[in-house]
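Reading through the structure tokens given below for one structure.
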Amino acid sequence: MEGRVWAELLVRSGVVLLACEVLRRFVRRTDPAARHRIGLFAFGLLTILPLLIALLPGISIGAWFGTRGVVTVETGPALAAGSAAGQAAAASIDWLLLAWAVGATIGFGWLATGQFAIWRLARSATELRGVRFSGCSRLPEILVLDKPIVPMTFGIFRPRILLPANCAEWSDARWRAVLLHEMAHIRRRDVAAQLFAGVVCTLWWFQPLVWNARRALRQDSERACDEQAMSAGMRASEYASELLAIAQLARPGVPSCAIGMAGNHLEARLHAILRSEAAVQSRTRGLLAILTLMSFATAASAITLGGSPMKRMILSGLLASASLSAATIGGTVLNPSGAAIPDATIVLTNPNNSAQQQTMSAPNGTFSFEGLQAGQYIVRVEAPGFADLFREYTVAENTNVARALVMNITKPPKVVRLGDNVMAAKLIKRVVPVYPPEAKANRVQGTVTIKATISKDGTPTELSVVSSPSPALSQSALDAVRQWRYRPVLLNGQPVAVTTDIRVSYSLTK
């Protein structure tokens, strides 16, 4: 994956997370449970963000910014594919993808370590029986550990509460505060929610905002449970006093797969409890915030500032991972003597829908079409001095078809006609045309098409304008193209003169 793709992922996910933070502040005066739902919904959007990017139609806004004169010379996609440097880059290690994989591995290791730590604590604890609690007919399993720990809840399918050894000395008020708080975590399924957020953070570890969102999610979870405990009849001052006493007597540190009653940001939490009034619940405002967040995620997935390979790359990856499209057609283009033919044009056609893909053979004659759906395909191979070659393939899912394609030599013409994409691969010196000031002032734009004859030594010798929007643009294009130089075109091992079309585009953007 190229760096531009990672940058786009950072920007798009950043929009979702920033929108989440703004909306959390928007509903600050409602109950903390609403803020928690907004944060959890944002994490859910991050899990499907690649799918949204792949499936939603792109909306380009690049033309909305600035007014510039842009000159574009069509060099074709074969410039990199037909060079040895391009082949070396394709074979090199994707360091960014490797870095992501290392970070994700460390993150999942951290989650597994937390699970192992809470398992060890549970094994060394003893079950506490005979606990009665008014307002709850059935309590979960309560374990007691012979250590000064923070009361915590763990377990997704089998929720359990872990308490310190001195819980036998607790007052009725402290028992009530702890059980009300921990039972609220169990009813809200906060352990599962925090584990889900941890997995998302592991996958998006390169996005700094996701860690802030996870901290906010945990804080909102604690505040929501505080609110439920106080709504059950505990006074705010009494509840805050018990919470502070628990934090002072306990050893800090809670495994990542558990939720401790008194963790970080305790001071801010106590202030919130003491100045807390009855929570202002507004389902309408919370629903509006979630719909707004969904709109931001949709916009962040669809809007682009220009062309991007990201949507195609992600969609191909999703299809391949689902085994919906994993066929490959490739091979080597050879002459009758068995030597490789570089820069041959290979066109792949699906006869069912007339869809086409095109590539060029590498210096060693190889080519490949990857990520194809199962079905029938027709391959056409073209190369100067050789007769066109056609082959038909029928491929199934998860298959790799590779063939040696031998082309027959034809009688070489005096001047060979080549496409601009083939000549682009042989361009070794290119002078970019200058946008004429008078044409820019008069807002003249368009494409100049030049018919060029390239000599055996790679020098443009005959240039004629086929079409042009103005004489000024024609002269600008001719002045630049005369200075271009190409590698000689070899036909059966001998240099030949060639003719080709060169298109130079002049455009004004706002």
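The values are calculated or read from the model by the stated rules, or taken from the named source; none is laboratory data. Owing to the predicted nature of the structure, the values given are computational and were not obtained by experimental measurement. Glycine gets a Cβ as well: all are built from the backbone with ideal geometry, and neighbour counts include every protein chain shown. Heads up: the accessible areas ignore ligands, DNA and RNA and are worked out on the full protein's heavy atoms, side chains in. Shrake-Rupley method; radii C 1.70, N 1.55, O 1.52, S 1.80 Å.
Sparse packing (at most 14 other Cβ atoms within 10 Å of the Cβ) combined with a DSSP loop state is found for the following chymotrypsin sites (Phe, Trp or Tyr not before Pro) in the range 145-231: Phe157.
Legend: calculated FRET efficiency, Thr394 to Ser256, from the Cβ-Cβ distance at R0 = 41 Å, rounded to 0.05, equals 0.20.
Summarising the strand pairing of the range 105-227, around 50 percent of its internal DSSP beta bridges are antiparallel. Electrostatic bookkeeping for Gln483 treats Lys and Arg as +1 and Asp and Glu as -1; over the other residues with beta carbon under 14 Å from its beta carbon, the sum is +3. Distance between the 7 Å Cα→Cβ label points at Thr105 and Thr366: 2.6 nm. Listed by chain and number, the aspartates and glutamates placed with their C-alpha closer than 16 angstrom to that of Lys451 are Glu74, Asp420, Glu462, Asp479, Asp501; residues fewer than eight positions away on the same chain are left out.
So if I take the centroid of the Cα atoms in the range 452-510 and the same for the range 1-52, what is the distance between those two points in Å? What the calculation gives is 50 Å, centre to centre. Counting 0.36 nm for each residue step from Ala299 to Val11 and taking away their Cα separation leaves a gain of 102.5 nm. Note on Ala168 and Leu266: with the Förster distance fixed at 25 Å, the Cβ-Cβ geometry gives a FRET efficiency of about 0.55.
Tally Lys/Arg at +1 and Asp/Glu at -1 over every other residue whose Cβ is under 13 Å from the Cβ of Asp388; what's the total? Residues near Asp388 contribute +1 overall. Calculated accessible area for the range 141-209 comes out at 40 Å² per residue, all protein chains present (probe 1.4 Å; ligands, DNA, RNA ignored). The alpha-carbon atoms of the range 369-510 define a convex hull whose volume equals 160 cubic angstrom per residue. If we count every other residue with Cβ under 15 angstrom of Ala197's Cβ, Lys/Arg +1 and Asp/Glu -1, where does the sum land? Net of charged neighbours comes to +4.
The spacing between the range 107-125 and the range 221-235, judged by their C-alpha centroids, is 28 Å.
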